[in-house]
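What follows is one structure encoded as structure tokens, with my remarks underneath.
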Amino acid sequence: MSESAAVWSERGTTPAKIDAALRELLKERRAHGERYAPARVLNLVVVADRDWQGEILNRLEGVGRYHASRTIVCAVEDGRDEIDAWASMEAEEDDIVAGRLAVAHEDVVLELGTQHLEHLDRIVDPLVVTDLPTVVWSPHGHPEAVDALLGLAQVVLIDSVTEPSARGALDRAASLAEQAYVVDLAWLRSTPWRERVASTFDPPQWRPELACISGFTVRYCPDSEAAAALLVGWLGNRLGWTPGPLTGEPGSLHGTARGDDGDIAISLEADPSMPIPGLSGVTVETRSGLMLTLDRGAGGLRARRTTTEGEQSWTVLGASRGEAGILGEGIRQALLRDKGYGPALAAAREMICQ
Amino acid sequence: MTVAPPRTDQANPLAEGLERQPIRPTILTVFGATGDLSRRKLLPAIYNLAHEGALPERFHLVGCSRSDMPHGDFREMARNAIEEFSRRKPDEKVLSKLLEDMRFVGGNFADDSAYDKIAELHGEFDEQAGIVFNRVFYLSTAPTFFPLIVEKLGEHELDSHEGADVRVVIEKPIGTNLAEARELNQRVLAVLDESQVFRIDHYLGKETVQNILALRFANELFEPIWNRNYVDYVQITAAESVGIGSRAGYYDGAGALRDLVQNHMLQLLALLCMEPPVSFSADAIRDEKVKVLHAIHPPDPERVEEMALRARYAEGVVGDEEVRGYLDEDGVAPDSQTPTYAALRLEVDNWRWAGVPIYLRTGKRLARKVTEIAITLKPVPHLAFDHEGSVGVQPNQIVLAVEPNEGVTISLGAKIPGSRMRIRPVNMEFLYGTAFLSESPEAYERLITDAMRGDATLFTRDDEVEAQWTIVDPILAGWDAGRGPVAEYEAGTSGPAEADTLLRPGERWRAI
């Protein structure tokens, strides 16, 4: 569907002028038709390098219906001392033409300098819609900007797989979690895997196998060690394992966790053939001789179950969400509260941060 | 890490906290798999569940219909249906894999060999997987086949299977009157336990209908006024701008009362009027809904014209389109007495609602498509100020809009700017579309998932269906006996003027 947009821009502007412009845009749009309403779901504040601003805007465009109702992109450029801004209000053209209720979202891009970041809250605060949840996402670092915004944001969106090291990423996530609700895209990348492992052991006949898991291996895109660690952390936490440290070379970490009935061998193995961030496969082994393997495949996850009686394989159906789908899911999750992440993060840090 | 290790009698520890709870491996057998409902709704819904990874970890679909065809032709039919009617463009890889696991069994529904083949296929799936699949039978056939298919399932011992949950989903309509509904329920329940039966009312799968429960029971604001002390009257409207299209064969035998009032609109009424359930379990909610339906005294067929009005559309203009009258529609008998419009005045005789008229109104070829519940509160007892020179103070209204623009509107009296105390009504409007990021899933996606999971909350129970017919049957009997003429209304209008006779003095129907 194409979109209809009203646009405003100004060089050397101020937050007050931008706020006034947004209200004026709303008036203009309402003058076009009665069935027009601004979405009021959440504010998304993005801090990004100005050179990569286009890429970020494209990613945000890709989230489709999960687009935040007001997005404020702070495009940071060294040496800039004035704020330039443009604002737009967009609604689906099809809805307007058909006379349906046209729900619009507002986008603001601020081009500003690094010296603005320390007090970024003063610039952004007048621009967020009051009483809506505010989410901060800073995909290119700029921790000082995130820290400045924590006073007005309730949610911080991070992606632990984009940090240089998994250990650093998990420490940063834990630190942020003390001050705000954290939505970690690395955690969301593991959602289908968590669902599938849970489903596999859901039938009563397989449930007892959970108590005698002897090995758990996670394969992952080489930059997604944090996602793999979170998955292990989740499983260990849910099954009451006592975690031990994982050691080895980057891309190949091994260790053990202790369960009630014995040790569990844990392996995190990078998979260079995995082209996109996230996980590529998991293997669960039990002392009774069961081995369950899930791997990415065409049309879903390829499942293989090996027991003493033989081997079976099938496809667990599901389409890849892609990077845009993951980001959209991250924005949606900002409105929910996932109680699983905190304990999984704590367990992952015990294994990978020692 | 403090979670205790799992025991088999405990809940799955891995499922806790997951947004999407596991569904046991399932074989879904669809009777009437090549029919219109299957092609337009069921198969696309199943594809969308597959796309989202929401089907059970292991899943097979068996199509069954009277037209015989090879598995490959059925898959091709399913592919075409999904490509045409899916709410999203299919992912070829997911679609191919879904189709791979589809099978087809052809044969008359009375044909024993068809059930043998189904049993054989189910057995093969179990054996190949080394597990016992749950079985869900979806009856997407003409209603006359419902009891036959269920009885055949019983004869062929497909109604239960060791180690598996066996469920049967039955599409509407459940009978065309109380006697038929009772007979169908009796024949179905002679084979199955009520807990195995999932009667579809797809209205209940709509997010906005479920939101009635959220609005009522998640907000302290409304409960204190949700009773006869504050509510003056209620209007429930389900208006359509379309005519009967090519459905004369069905519609002329059913009419507005059976088509929408007996099921969907009485469900809306029950959700609106029910007491808070003790829990949100299926039976707790259905128990409360049934109490409401039982509290509506069945009308007296001899006096049906005092509380019910029927009408049919005459030629007119809908939007900018000139349309035919009902009697001129293809397939409609020239002497048809079938109403395309029905309006009722009901009362729920209990402590909460006694004396509050609840008006129901539905019709085809009305001015526009709208489904809403409007609750009009009583007027304020005393006005301390003069409001001359304005439309004045109107009673507050709470409008729950179900479609097309889902939301809640509350009308309030507000002062018109100026030196005098003049009042006019203004609206405080909440629109679901502006407040949530998620797209509502299709009702059938939700209902199929719930049936596979065994959650009957959004399905109607036998006593619920019979209670609905108990209200509607006397009206149909009265009409069949000629009580109350069939009024006419011009297509594209708000319906017949005669509908006003159901209202109390001073009341008026909301504009459609």
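Worth pointing out:
- Filter pass, residue B:488 being under 18 Å from residue B:209 (Cα atoms) and modelled with pLDDT of 95 or more: no
- Residues being surrounded by 13 or more Cβ atoms within 10 Å (Cβ to Cβ), within 14 Å of chain A (Cβ to nearest Cβ) and without any contact (Cβ under 8 Å) to a residue 40 or more places away in the chain - total across the stretch B:112-127: 1
- Candidates are the residues of the stretch B:369-419 that are at pLDDT 90 or above and basic (Lys, Arg); the one that is surrounded by the fewest Cβ atoms within 10 Å (Cβ to Cβ) is B:369.
- Against the numbered list (1) closer than 21 Å to residue B:156 by Cα; (2) free of Cβ contacts under 8 Å to residues at least 24 places away in the same chain; (3) not aromatic (Phe, Trp, Tyr), residue B:83 comes up short only at (1).
- Taken over the stretch B:128-160, the residue count meeting the criterion of being surrounded by fewer than 18 Cβ atoms within 10 Å (Cβ to Cβ) and within 14 Å of chain A (Cβ to nearest Cβ) is 3.
- Some residue of the stretch A:233-245 being surrounded by fewer than 20 Cβ atoms within 10 Å (Cβ to Cβ) and more than 11 Å from every other protein chain (Cβ to nearest Cβ): yes
The rows are residues; the columns are (1) small (Gly, Ala, Ser); (2) modelled with pLDDT under 95; (3) in the same structural domain as residue B:329 (by TED's automatic domain parsing).
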{"site": "B:241", "(1), (2), (3)": "yes, yes, yes"}
{"site": "B:262", "(1), (2), (3)": "no, yes, yes"}
{"site": "B:272", "(1), (2), (3)": "no, no, yes"}
{"site": "B:280", "(1), (2), (3)": "no, yes, yes"}
{"site": "B:288", "(1), (2), (3)": "no, no, yes"}
{"site": "B:303", "(1), (2), (3)": "no, yes, yes"}
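- Unique residue being over 26 Å from residue A:315 (Cβ atoms) and either more than 9 Å from chain A (Cβ to nearest Cβ) or not β-branched (Val, Ile, Thr) (or both) when the list is B:74, B:109: B:109
- Residues that are facing chain B (nearest Cβ under 9 Å) and either in a helix (DSSP H, G or I) or on the phi < 0 side of the Ramachandran plot (or both), drawn from the stretch A:304-317: A:305, A:307, A:309, A:312, A:314, A:315, A:316, A:317
- The residues of the stretch A:197-228 that are out of contact with any Lys or Arg (no Cβ under 6 Å at 6 or more places or on another chain), closer than 20 Å to residue A:330 by Cβ and outside any loop (DSSP other than H, G, I, E, B), listed by number, are A:220, A:225, A:226, A:228.
- Exactly one residue out of A:236, A:215, A:244 is at pLDDT 95 or above, over 19 Å from the mean Cα position of the chain (by Cα) and more than 29 Å from residue A:327 (Cα to Cα): that is A:215.
- Considering the conditions (1) within 27 Å of the chain's Cα centre (by Cα); (2) touching a residue at least 40 places away in the same chain (Cβ under 8 Å), residue B:58 is excluded by exactly one of them, (1).
- Failed item, numbered, when residue A:83 is tested on (1) closer than 26 Å to residue A:36 by Cα; (2) touching a Leu at 6+ places or on another chain (Cβ under 7 Å); (3) more than 14 Å from every other protein chain (Cβ to nearest Cβ); (4) of a type in the set (A, V, I, L, M): (1)
- Check on residue B:209, of a type in the set (A, V, I, L, M), under 19 Å from the mean Cα position of the chain (by Cα) and in a strand (DSSP E or B): no
- Here residue B:66 meets each of (1) away from chain A (no Cβ under 14 Å); (2) in contact with a strand residue (DSSP E or B) (Cβ under 9 Å, 6 or more places away or on another chain); (3) within 24 Å of residue A:301 (Cβ to Cβ); (4) not acidic (Asp, Glu) with one exception, condition (3).
- Test result for residue A:112, within 11 Å of another protein chain (Cβ to nearest Cβ), buried (at least 20 other Cβ atoms within 10 Å of the Cβ), under 21 Å from residue A:149 (Cβ atoms) and of a type in the set (A, V, I, L, M, F, W, C): no
- Picking from residues in the stretch B:455-483 that are among the polar types (S, T, N, Q) and surrounded by fewer than 21 Cβ atoms within 10 Å (Cβ to Cβ), the one that is modelled with the lowest pLDDT is B:457.
- Residues in the stretch B:39-53 that are surrounded by fewer than 24 Cβ atoms within 10 Å (Cβ to Cβ) and more than 8 Å from every other protein chain (Cβ to nearest Cβ): 4 in all.
- Subset of the stretch A:255-277 that is touching a residue at least 12 places away in the same chain (Cβ under 8 Å) and exposed (fewer than 15 other Cβ atoms within 10 Å of the Cβ) - its residue that is nearest to the other protein chains (Cβ to nearest Cβ): A:260
- Segments classed as strands (runs of 3 or more DSSP E), wholly inside the stretch B:304-386, with at least 1 members that are farther than 22 Å from residue B:468 by Cα: B:308-314, B:316-318, B:321-323, B:370-377
- Residues of the stretch B:174-198 that are farther than 23 Å from residue B:264 by Cβ and either within 19 Å of the chain's Cα centre (by Cα) or in a loop (DSSP other than H, G, I, E, B) (or both): B:190, B:191, B:192, B:193.
- All of (1) in a helix (DSSP H, G or I); (2) in contact with an Asp or Glu (Cβ under 6 Å, 6 or more places away or on another chain) hold for residue A:343 with one exception: (2).
- Of all the numbered requirements in (1) buried (at least 16 other Cβ atoms within 10 Å of the Cβ); (2) within 27 Å of residue A:138 (Cβ to Cβ); (3) more than 14 Å from chain B (Cβ to nearest Cβ), residue A:329 misses one, and that requirement is (3).
- Restricting attention to the stretch B:402-443 and to residues that are of a type in the set (Gly, Ala, Ser) and part of a strand (DSSP E or B), the residue that is nearest to the other protein chains (Cβ to nearest Cβ) turns out to be B:407.
- Those helices (runs of 4 or more DSSP H) lying entirely in the stretch A:71-182 with at least 2 residues farther than 30 Å from residue A:226 by Cβ, touching a helix residue (DSSP H, G or I) at 6+ places or on another chain (Cβ under 8 Å) and not assigned by TED's automatic domain parsing to the domain that holds residue A:57: none
- Which listed residue, of B:511, B:499, is touching a strand residue (DSSP E or B) at 6+ places or on another chain (Cβ under 7 Å), more than 14 Å from chain A (Cβ to nearest Cβ) and either small (Gly, Ala, Ser) or part of a strand (DSSP E or B) (or both): B:499
- 2 or more residues modelled with pLDDT of 95 or more and on the phi > 0 side of the Ramachandran plot: qualifying strands (runs of 3 or more DSSP E) within the stretch B:7-113: none
The values are calculated or read from the model by the stated rules, or taken from the named source; none is laboratory data. What you see is a predicted model, and the numbers here were worked out from it, not measured in a lab. All Cβ positions, even for glycine, are placed from backbone atoms using ideal geometry, and neighbour counts span all protein chains on display.
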